[in-house]
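Trainee: Structure in structure tokens, see below.
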């Protein structure tokens with residue numbers, strides 16, 4: 001059993017713990033999947049944000065970015081919730 005620092009509050013926590021005892025943040029079973037989901041969330045939000053200035057120039061492209069970005073964001077949030085629920 002080793003001690004690792006919590007990524008949220010930097011307290012020393014056992015590597016066997018499911019939650020941080022000081023701040024309550026859940027630890028992921030698969031940190032690579034967690035990083036992948038966070039990256040997908042960032043990409044989908046970026047896609048939606050880049051569509052905002054395009055409304056004034058290329059409206060059909062902006063609408064397609066929103067129709068792709070919003071469901072992508074919602075599905076990623078659902079996958080993140082499901083991943084945390086499984087831990």
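Trainee: Hey, what angle do you get for helix 31-54 against the long axis of the chain, alpha-carbon based, 0 to 90 degrees rounded to 10?
Mentor: Taking the Cα atoms of the chain, the angle to 31-54 is about 20 degrees.
Trainee: Tell me the Rg and the Dmax, in Å, that the Cα atoms of the chain produce.
Mentor: Answer for the chain, Rg first and Dmax second: 17.7, 58 Å.
Trainee: Measure nothing fancy, just the Cα-based angle from helix 59-86's long axis to the longest principal axis of the chain, in degrees from 0 to 90, nearest 10.
Mentor: Around 20 degrees separate the two axes.
Trainee: Per DSSP H run of n ≥ 4, the term is -39500 (n - 2.57); total these for the chain, divide by its residue number, and report the mean residue ellipticity at 222 nm rounded to 500 deg cm²/dmol. Walk me through the intermediate numbers first.
Mentor: On the way: 2 runs with 52 residues, N = 87.
After summing the helix terms and dividing by residue count, I get -21500 deg cm²/dmol.
Trainee: Moving on. Calculate, in nm to one decimal, what residue 32 and residue 84 gain on full extension: separation in residues at 0.36 nm each, minus their alpha carbon distance.
Mentor: Working: separation 52, 0.36 × 52 = 18.72 nm, distance 1.32 nm.
Full extension of this stretch gives 17.4 nm more.
Trainee: Another question, then. Under a plain spin-label model, where a point goes 7 Å from the Cα along Cα-to-Cβ, how far apart in nm are residue 77 and residue 58?
Mentor: Each label point is offset 7 Å from its Cα along the Cβ direction, giving 2.7 nm.
Laboratory data are not the source of any read-out in this text; all were calculated from the coordinates shown. Computed from a prediction, not measured in an experiment: that's the story for all the values here. Cβ coordinates were reconstructed from backbone atoms using ideal geometry, including for glycine residues, and neighbour counts include every protein chain displayed.
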